[in-house]
Amino acid sequence: MTPDKAGPGAQATRPATAPLYAAGFVTAFGAHSIAAGLGSQSGNIGLTLLNLGILLALYDVAEVFLKPVFGALSDRIGAKPVIVGGLFAFAALSLIGLGAADPLILALARLGQGAAASAFSPSSSAMVARLARGGKAGTYFGRYGSWKSLGYIIGPPLGAGLILAGGFALLFGTLSVLAAATAVWVLASVPHLAPLPRKRYTVMDLARQVGERRFLVPTLVLAASTGALGAAVGFLPALATRHGLDAFAGTAAVSVVALGSVLTQPWIGRLRDRHAVSDNKGTTTGLLLVAAGIALVAAAPGVVTIFLAAALIGSGIGVTTPLGFAHLADTTPPERMGRTMGSAELGRELGDAGGPLLVGAIATATALPFGLGALALLVAAAALPRLDPAQPAG
């Protein structure tokens, strides 16, 4: 069986899935390297705080609206063309940033990158799910999530280094080359899985499917853990500064969160595939770890507890993320895998935005520990609904 003739039941191999992990890395690295650069260089390029906030949000705004659309498109025409097209589009639209001294140009580049990432991110998840069907979903989503987390870790420092060496032009140029190289790698190494026959769905059918427990509960898990990640990235450095640590220590606390996720995801994915951990117990444990980390730093903020909380949050996210995606992969009919993954990614984006907003709103009205405490309670509450048994959907 040649790569371009692979059937729908093809099993994943390392050469086939590695380019998909690289695609996950591209979207994480692209989002966080530029976000960190915008924050550090906002004064040099004349950005007000409002303009900075808008530029930071544009990438996610594009993803919120477009991920379900491109996920559904991958079901219709196949995931591989959407991944390759999205990566080449990301490479081309990144070139807009070569003239990034102007905030408007930065906005156009950032919006374009977010739109392109909306194509290849959920389609890559759907392709991993289809390649890994047959008992390997945990392993391969563990690796996929780990590579995305690696992009979160090295994105800010590497982005800052590239900006220091050659300005935004060097950063956007590097992202363009990286995306184009990954597109070629996907084109050469990832099998083409033909789209599967699909019955026609009415709007009511779509609404019913999105409301199914087998979709809602794992998506809630993913949204809760991503909301905690967004809040940790924003507020752990602020807490560190309040307790006498410098900016480097605050950034290091965020890196501990990401490192915990990187190290945990492949391990928990393998345990899942060996049936050593169930999706239900694993996601419950992971969310409770996240909630405990947030509650710890809310109740007793300090130099030691900030880093201990970061380790708990990162490890909990590393447990929940591959289990949530693997559960979706095993309970979703293959012919609508792209739409399901796109909708699940939308849930994560809403969590990513909602977590920091919740903490910030409550902290503004009261104090930061109350905002973090409220988030801890909500994350713990998200652990209560039980996942349905992970049996293949018909």
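Scanning region 271-315 for residues that are outside any helix (DSSP H, G or I) and either open to solvent by 40 Å² or more (accessible area, probe 1.4 Å) or over 22 Å from Val256 (Cβ atoms) (or both) yields Arg274, His275, Ala276, Val277, Ser278, Ala300, Pro301. Residue check: is Leu323 open to solvent by 10 Å² or more (accessible area, probe 1.4 Å) and either part of a helix (DSSP H, G or I) or over 28 Å from Pro68 (Cβ atoms) (or both)? Considered against the rule, which asks whether it is open to solvent by 10 Å² or more (accessible area, probe 1.4 Å) and either part of a helix (DSSP H, G or I) or over 28 Å from Pro68 (Cβ atoms) (or both), Leu323 comes out as no. So for region 116-138 (the condition being open to solvent by 10 Å² or more (accessible area, probe 1.4 Å) and either under 12 Å from the mean Cα position of the chain (by Cα) or at pLDDT 90 or above (or both)), does at least one residue qualify? No, there is no match, as no residue in region 116-138 is open to solvent by 10 Å² or more (accessible area, probe 1.4 Å) and either under 12 Å from the mean Cα position of the chain (by Cα) or at pLDDT 90 or above (or both).
Per the conditions (1) at pLDDT 90 or above; (2) open to solvent by less than 40 Å² (accessible area, probe 1.4 Å), the sole criterion not satisfied by Leu178 is (2). Would you mind stating whether Gly260 is free of Cβ contacts under 8 Å to residues at least 40 places away in the same chain and either of a type in the set (Val, Ile, Thr) or crowded, with 18+ Cβ neighbours inside 10 Å (or both)? The answer is no for Gly260.
Just one of the listed residues (Gly338, Gly360) is farther than 22 Å from Arg272 by Cα and open to solvent by less than 10 Å² (accessible area, probe 1.4 Å), and it is Gly338.
The values are calculated or read from the model by the stated rules, or taken from the named source; none is laboratory data. Small disclaimer: the values here were computed from a predicted structure and weren't measured. Methodologically, a virtual Cβ is constructed for each residue, glycine included, from the backbone with ideal geometry; neighbour enumeration extends over all protein chains shown. Side chains are part of the model used for accessible areas, which takes the heavy atoms of the whole protein and leaves out ligands, DNA and RNA. Shrake-Rupley method; radii C 1.70, N 1.55, O 1.52, S 1.80 Å.
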